[in-house]
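The values are calculated or read from the model by the stated rules, or taken from the named source; none is laboratory data. Remember, it's a predicted structure, so these values are computed and weren't measured experimentally. All Cβ positions, even for glycine, are placed from backbone atoms using ideal geometry, and neighbour counts span all protein chains on display.
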Amino acid sequence: MSTTAVETELSYEERLRLLRGMKLAQTREKQRIRGTMDFDDHGIILPPEDLRETVKTISGSGVHFTDVILKNFRPRPNHQNGGYYGPAACGRNFRSLLEVHPAYIDPMSSLAGAYMVNFMSYRRAHWKPEFDREELMAQHERYHIVPAIGAVQHLCQDLAIGLRLGWGGLLEKVRHFRAINVAAAEFYEGLEQVVLGTQDWIRRHAREARRKAQEHGPMAQNLLEIAEINEHLISGAPRTFREACQWILWDLLISRMYNGSGALGRADVLLEPYYRADVGAGRLTDEEAVFHIACMLLRDTPYFQLGGPDASGRDVTGSVSFLVLEAAHRLRTPVNVGVCVGEGVDEGLLRRGVEMLVEDRCGTPKFLGVDNTIRGFVRNGFSVELARERAYSGCQWSALPGREYAIQDIIKINLAKVLDVALREMLADGDVRPCVAELWDRFERHLGEAVAITAAGIDFQYEHMHEVFPELPLDLLCHGPIERGLDASHGGVEYYTFGVDGAGLATTADSFASIEERVEKEGRVSWAQLLEGLESNWAGPEGERVRRLMGGAAKYGAGGTTGDEWAKRIAGAFTREVKEKRTPNGHMMLPGLFSWALAVLMGKKLGATPNGRRAGEPISHGANPNPGCRKDGAPTAIAVAVAEVQPGYGNTAPLQLDLDPCTQNSAQDIVNVMGLIRGHFDLGGTQINANIVDREQILEASEDPGRFPELVVRVTGFSAYFSSLSPELRRFVVDRVICEKGAGA
Amino acid sequence: MTGRVFDIQRFSVHDGPGIRTTVFLKGCPLNCAWCHNPEGIRAGPELSFDREKCLACGECVRACPMAAHSLQTDGKGLAHVLDRGRCEVRGECVSVCCSDSLEIVGRSLSVEEVMREVMADRVFYRQAGGGLTISGGEPLMQAEFTAALLVAAKKEGLHCCVETSGFGGWEALCRMLPLTDLFLFDWKVTEPVEHERHTGQSNTIIARNLRELYARGARIRLQCPLIPGINDNEGHYEGIEALLESMPNLDGISILPYHPLGTAKLERLGRPPAFAASTTSAIRQSARFLAGRLARRGFRVVGTEGDRQEGGQRRAEDGVPRREGIKSDF
């Protein structure tokens, strides 16, 4: 599988066009074989046809999906249940997988490598049965909590370590500490196997590039360069910009393949010195640099930050920051890059980002309110210097590269389920007269219980995960795991700040508002009618009438309504519960408000809610108000609302914006969108995920996604091809975009 | 001081520069058949009924003392029937409606109430150079309230636009003059008799007010709606050009092609559709043609709405602005 060779010298533009065409064909094939993919696009490609085997599996972010594995690899179990557990077994099996993983060389690309398989998809029994989690899992289920238990990755490695040492240096480092710390031999064995497997994989790519150079006349020079670069990178540290891109890509590919990690951190800072040195020496043009970055981003879709302050507060925006944006602009594929917006951060970065958002319509880039996340992280008692080093690395999260384990964006408490438990308990209690005050008391109590269960789950994960499925590739690039002989999930790194997210804020706030207005104040719906509606899923004409009544109350996001007040109150209570508690073993938890694409899955298992939502429909998205909360759908109103519910401890409550295509002259559009972004951050916002979507186009695409194969949308924190999403997730995006317009629109 | 408001729209980006909040005042002396805000024409409150949303639950039938609502059987079952002859727009029906299908359009709001909503977005006005736009209906019909609102907005340092048909007393316009940063002034039909035929009023007063405002140094942007079969003709185009020639210091001109948003609103207000254009693509083309023609003659043309349809395409004039230091392009 490679782009067709042509007999003429090709420009970078032409090569990128061919590479994009190949990516599109590969995506179509993925859609055909794997079916829907409700997560990041990733750069994964399918194995050659004769090696394919289809399996049902679960992603690193907890989504069930159909995957394709290599059938010429079978992991060696070390447990009677057929599973393999612990660092040595995981490391050895991963190395065996890499040994049979085909090499991928596209003569058009300046970089080698692509990954075809998820190592996780070979894990048939995910949890080691000796560590009994059944009771804890049942407790989590009571509040529909997505637990910490079993979570992988969602931490950011420090690529600077790898760029400095190379794979050879990393191997030496592992062996050095292995000799000292004999008690941790199992762990070091796992790390060593990962490095050896990676080196072998790179070596095979170098060989394949040399072989292909014989076949491809016009691209032979490129292929020989690829071979030379990779022969060096088997052990050596990268010396040039192109080598650095290739090295980062190898790391991305193995960590993505191993457990789905895509956290890159500060790509611009990492690459800037190589860029300067090469340009200074006359070895590199901007055109080439953009091309190398584009080749890297075609093969994986990592999360990374551009610009923002370093530890001393100085903005690090550099030439590479803009080159990365330019690469994303030319690719127009799903790219997860976040642009820093804040005091002292280069204004040009924001402007260029907004221009791309408006022009490319790919939901790229995202915008990071770094002043507020830094200020928030400091409120936990950390220094401002440390807080500034936290880098954007995942859908909605940041982490200290190589130093922080927080499994952010995994742990979710469905606030709407907590309300459901509280409401049913109150209505079943013959000793109390139902009222909103009583409901709130019970909600707070159950929220406290939900957080306590979550905390117990975090300790359980910390206790056991390293013996189940350790972080190996990420451990290699963290400060501490190799030195201490401990996995990042188990004391290897310095900071443990577990991210706990509240989900379904608007569903819960609107439910409280509806109950307060319709049941308590107006008396238009009785408690019995409400319960009947919830139990019957609003069945019959009377059920529908009650549903509409409940759904018609003033919503969160409308501005100054009962719903807005409830949202602030609920977010405040959630923040307090998470912040005031530590886990039983003393770990810190940081509150955020985000649901990721789980809004759809969490909704599927939740019954009807008092805000008129039907059973099975998605819960509200992240910290956002429900679509249609205002007649004019004004994004400014939504931006104000989300700014007011920020937990404020360094983790985010992102604002999702889906804007109509702007219609005035483009200069004013840019100013307006920039104003919207800056305004939200002025009010305390932490992150913005934005789409510029044409309503008609997205409606048409929803009917017939195949007609729009290149339509890229920012679904939540991640971006993906619209046509790769399940009908439910497509509907979820469309519902957000289609809001009624009021007068004068 | 209260005014009759039928809508307040935040993040309004078509009614003047930057991010704005547009306050729509109810009541207009003109009666343009193509009006896209027909709920702004009559001064008094009106009952809007959206049949699509109605559940025919009958709550309004029980609530209405005027017996304006009834349920009648049609072929498919019960259907809600509204007798507007009996309706006094009292609102009992709205307060019991569970489905939001009934709504009273037009509320009486104080300056403070309007300003509370307007100021919710102040941070965005500051960031994007926007502010308040007063539109309608016709602000000149509520001159006192408009002036009071402008005074309050100016006190907060907001940029203020007034969107007007120009039909009204000069004194009213004159009061707004020092408080208004930009007038969005309609120029609908050039020929006075035709103007009267299509809008119910001659444009003699409008033209006089426009010239008077211009003479006093007001910042004015002309807004020309382009309506198929009404004013998409050479005579009007030349009239616009002559007007622009005679007022070289205008802030610019916007060409607004007809869109049929008003039709559904009319139906909800129980009024017959007054204007129908089967397709809008031709008029959008005409708008682009006219905008191009005016731009070539050196007039400043501001955002033509027809451009909306071009969304997603790369625009030729869009270069790729870069930071210094990025030298090459593919």
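Which of the residues spanning the stretch A:357-380 are of a type outside the set (A, V, I, L, M) and either in a loop (DSSP other than H, G, I, E, B) or over 15 Å from A:Val345 (Cβ atoms) (or both)? Passing the criteria: A:Glu359, A:Asp360, A:Arg361, A:Cys362, A:Gly363, A:Thr364, A:Pro365, A:Gly376, A:Phe377, A:Arg379, A:Asn380. The set of residues from the stretch A:32-62 being over 23 Å from A:Pro709 (Cα atoms) and either free of Cβ contacts under 8 Å to residues at least 12 places away in the same chain or touching a helix residue (DSSP H, G or I) at 6+ places or on another chain (Cβ under 9 Å) (or both) comprises A:Asp50, A:Leu51, A:Arg52, A:Thr54, A:Val55, A:Lys56, A:Thr57, A:Ile58, A:Ser59, A:Gly60, A:Ser61, A:Gly62. Tallying residues that are without any contact (Cβ under 8 Å) to a residue 60 or more places away in the chain, more than 14 Å from chain B (Cβ to nearest Cβ) and within 21 Å of A:Ala294 (Cβ to Cβ) within the stretch A:354-393 yields 1. One residue stands out in the stretch A:625-644 among those that are more than 8 Å from chain B (Cβ to nearest Cβ) and within 17 Å of B:Val123 (Cα to Cα): the one that is surrounded by the fewest Cβ atoms within 10 Å (Cβ to Cβ), namely A:Glu644. The residue of the stretch B:1-27 that is nearest to B:Ala143 (Cα to Cα), among those that are modelled with pLDDT of 95 or more and more than 13 Å from chain A (Cβ to nearest Cβ), is B:Gly3. I need the full set of residues from the stretch B:28-55 which are within 11 Å of chain A (Cβ to nearest Cβ), assigned to a helix (DSSP H, G or I) and of a type outside the set (Lys, Arg), in order please. Within the stretch B:28-55, B:Pro38, B:Glu39, B:Gly40 meet the criteria.
Going by what's in this entry, would A:Arg548 be described as under 23 Å from A:Leu606 (Cβ atoms), in contact with a Cys (Cβ under 6 Å, 6 or more places away or on another chain) and within 14 Å of chain B (Cβ to nearest Cβ)? Yes: the conditions hold for A:Arg548.
A:Glu208 meets the stated requirement of being at pLDDT 95 or above, touching a Phe, Trp or Tyr at 6+ places or on another chain (Cβ under 9 Å) and surrounded by fewer than 24 Cβ atoms within 10 Å (Cβ to Cβ). Scanning the stretch A:586-602 for residues that are assigned to a loop (DSSP other than H, G, I, E, B), crowded, with 24+ Cβ neighbours inside 10 Å and in contact with a helix residue (DSSP H, G or I) (Cβ under 9 Å, 6 or more places away or on another chain) turns up A:Ser595, A:Ala597. The set of residues in the stretch B:126-146 being surrounded by fewer than 19 Cβ atoms within 10 Å (Cβ to Cβ) and within 23 Å of B:Leu30 (Cα to Cα) consists of B:Ala143, B:Glu144. Here B:Glu88 clears all of (1) closer than 30 Å to B:Arg221 by Cβ; (2) more than 13 Å from chain A (Cβ to nearest Cβ); (3) not in a strand (DSSP E or B) except the condition numbered (1). As for the stretch A:536-543, it holds at least one residue that is away from chain B (no Cβ under 14 Å) and on the phi > 0 side of the Ramachandran plot.
Modelled with pLDDT under 90 and away from every other protein chain (no Cβ under 14 Å): is that true of A:Ala25 in this structure? For A:Ala25, the condition - modelled with pLDDT under 90 and away from every other protein chain (no Cβ under 14 Å) - is not met. Among the residues of the stretch A:492-544, those identified as within 30 Å of A:Pro654 (Cα to Cα) and among the small types (Gly, Ala, Ser) are A:Gly492, A:Gly499, A:Gly502, A:Ala503, A:Gly504, A:Ala506, A:Ala509, A:Ser511, A:Ala513, A:Ser514. Kindly check whether there is at least one residue in the stretch A:613-624 that is surrounded by fewer than 21 Cβ atoms within 10 Å (Cβ to Cβ), in contact (Cβ under 8 Å) with a residue 60 or more places away in the chain and in a loop (DSSP other than H, G, I, E, B). The answer is yes; a qualifying residue exists. Here A:Glu542 meets each of (1) surrounded by 24 or more Cβ atoms within 10 Å (Cβ to Cβ); (2) acidic (Asp, Glu); (3) within 29 Å of A:Lys605 (Cα to Cα) with one exception, condition (1). Between A:Glu710, A:Glu703, the distinction of being within 14 Å of chain B (Cβ to nearest Cβ) and either under 25 Å from A:Lys30 (Cβ atoms) or out of contact with any strand residue (DSSP E or B) (no Cβ under 9 Å at 6 or more places or on another chain) (or both) belongs to A:Glu710 only. Screening A:Arg518, A:Arg545 for residues that are at pLDDT below 95 and farther than 30 Å from A:Leu170 by Cα leaves exactly one candidate, A:Arg545.
In the stretch A:381-496, counting only helices (runs of 4 or more DSSP H) that sit wholly within it, the ones holding 1 or more residues that are under 23 Å from the mean Cα position of the chain (by Cα) span A:384-389, A:415-428, A:436-468, A:472-476.
Here A:Ser96 passes the criteria (1) assigned to a helix (DSSP H, G or I); (2) crowded, with 20+ Cβ neighbours inside 10 Å except the one numbered (2).
A:Arg20 meets each of the listed conditions (1) at pLDDT below 90; (2) more than 30 Å from A:Ile411 (Cβ to Cβ) apart from (1). It is to be established whether one or more residues within the stretch A:514-533 are closer than 25 Å to A:Phe594 by Cα and either within 14 Å of another protein chain (Cβ to nearest Cβ) or hydroxyl-bearing (Ser, Thr, Tyr) (or both). Yes, some residue in the stretch A:514-533 is closer than 25 Å to A:Phe594 by Cα and either within 14 Å of another protein chain (Cβ to nearest Cβ) or hydroxyl-bearing (Ser, Thr, Tyr) (or both). Of the candidates B:Glu113, B:Glu117, B:Glu103, the single residue that is surrounded by 14 or more Cβ atoms within 10 Å (Cβ to Cβ), part of a strand (DSSP E or B) and not β-branched (Val, Ile, Thr) is B:Glu103.
Looking at A:Arg351, is it surrounded by fewer than 23 Cβ atoms within 10 Å (Cβ to Cβ), away from chain B (no Cβ under 13 Å) and in a helix (DSSP H, G or I)? Against the criterion (surrounded by fewer than 23 Cβ atoms within 10 Å (Cβ to Cβ), away from chain B (no Cβ under 13 Å) and in a helix (DSSP H, G or I)), A:Arg351 does not qualify.
Every condition in (1) farther than 24 Å from A:Val693 by Cα; (2) within 22 Å of the chain's Cα centre (by Cα); (3) aliphatic (A, V, I, L, M); (4) within 14 Å of another protein chain (Cβ to nearest Cβ) holds for A:Val290 except the one numbered (2). Under the condition of being more than 7 Å from every other protein chain (Cβ to nearest Cβ) and surrounded by fewer than 24 Cβ atoms within 10 Å (Cβ to Cβ), which residue from the stretch A:663-673 is modelled with the highest pLDDT? The qualifying residue modelled with the highest pLDDT is A:Ile670.
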